[in-house]
Structures are given as structure tokens and as C-alpha cells.
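Here's the structure, in C-alpha cells; my notes come after.
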Amino acid sequence: MFFYRLGRAAALTFALILLLAAVVFSYGYIKRFPKIYGFIHPSVPVPNEAVHDLEYESQGTISAHLLNDETDKLAAESKIVLQRVYGLCNHILTEELDNYYAGKTKEELTEMFSDWRMVSFSPERAVFLVEIDSYCPDHYLVKHEDGLMVIYRPDKEGILLVVEAAEIPVERLSPDLLQELEEGIVVYGMEGVENIFESLGS
């Protein structure tokens, strides 16, 4: 009888040890694999340490998205560059604008400069190009109109503006030169204009 009770006590003790080991193992399982445990047992709260890990990963994802958004916008010290290509002389006029467009996205800038073609974009620099069917502002057009010698100069948009007009006696012009002047003579720089007037005076 004594040995029978002793055997039952030993068996009960052994069972308690196994139960305690199972509890310890389960706690370690929760600590080590909170995401897996939470997926299998969604009703069981996840330990605080696991919550911190999840928040950290979430913040990292948000930061990555914010970084991508920033690279799609113009920075505070960025530049807007406008390039005008003049088809009649093949010259290029480059102009840098004061940056009033910080924070604008590529799509917003494309809409704002709808008459231009965007050729490059980065947070530091956006470049737009337009082709103009005219001469650049370094050229002049000398033309005979209504008895006057009129000097035109195109602005940066290619629009001809009157610089000066002077009376020149027609009888002093040869027929060939008069025809050229009626069609218009294009010269480069004011020096070219002066050369034409010198030839008219000779």
C-alpha cells in the first residue's frame, strides 16, 4: 500500500513538471514568434515587445513612402531652366527662373508649362524646352517699308519689335538692293545693321 501511494505521488509530480515545462515553452513561443502566434491565435494579446517591433516596421514603411514623395518634388534650392531653340538660326537661349515652384511635382510643372516640353526633372533642376520658328534676339531685320528703313529685332519669343526707323531716299538704292530690303535683310548683331547703312551711304 505504501509503495502504491508513493508511485501515485511520483506520477503526479512528474505530470506537474511536464505541465510547467509546457507553460514555459508556450510563453517563450509567444515572445519569440509573436506574429506567427498572433496569426494562429488572434484573440491572444501580443506582448509589448512585439508591438514595438510592429510600430517600428510601420514607421519605416511610411518613411520610405515619404522619401519617394520628396524625390518627386522640387526642392527649396532647385532651379527652373527654360531653353528656347530658334529654328531660323539654330541658336539656343537659356534662361533660369527664380524658384517660385518649390514643392511642385513633375505633373504640376508639366501642367503649368503646358506650351513647353519637359526634357529632364530632378529635385534640384527641371528643364523645359520650346522650339520657336524665328531668329534669336541677337539678330536684326532691316526692311524698307513706306519710304522708311525700319530695323526690327525679335524678342525672346520670336516676335519682331521695331528698334528704329529712318528715311532713306529710294533713288539712292539699286533695284536689286531695294528688292532685298523690301523682302527684308537679316543680319547678326548691330554691327551688321551698321554695315548695311554704310553701304547705303556710299
Inset, instruction - Collect the residues in region 108-138 that are surrounded by 12 or more Cβ atoms within 10 Å (Cβ to Cβ), among the aliphatic types (A, V, I, L, M) and more than 15 Å from TYR86 (Cα to Cα), keeping them in residue-number order. - result: LEU109, MET112, MET118, ALA126, VAL127
Inset, instruction - Run GLU164 past the list (1) under 41 Å from the mean Cα position of the chain (by Cα); (2) not in a loop (DSSP other than H, G, I, E, B) and report the number of the one that doesn't hold. - result: (1)
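Only one residue in SER114, SER120, SER199, SER134 is polar (S, T, N, Q), free of Cβ contacts under 8 Å to residues at least 60 places away in the same chain, more than 30 Å from ASP72 (Cβ to Cβ) and not in a helix (DSSP H, G or I), so which one is that?
Matching residue, one of SER114, SER120, SER199, SER134: SER134.
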Inset, instruction - Using the structure shown, decide if VAL187 is exposed (fewer than 14 other Cβ atoms within 10 Å of the Cβ), not in a loop (DSSP other than H, G, I, E, B), not assigned by TED's automatic domain parsing to the domain that holds THR94 and not charged (D, E, K, R). - result: no
Inset, instruction - Exactly one condition in (1) in contact with a strand residue (DSSP E or B) (Cβ under 6 Å, 6 or more places away or on another chain); (2) modelled with pLDDT of 95 or more; (3) of a type in the set (Asp, Glu) is not met by ASP133; state its number. - result: (1)
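The values are calculated or read from the model by the stated rules, or taken from the named source; none is laboratory data. Predicted model only: the values in this text are computed from it and were never measured. All Cβ positions, even for glycine, are placed from backbone atoms using ideal geometry, and neighbour counts span all protein chains on display.
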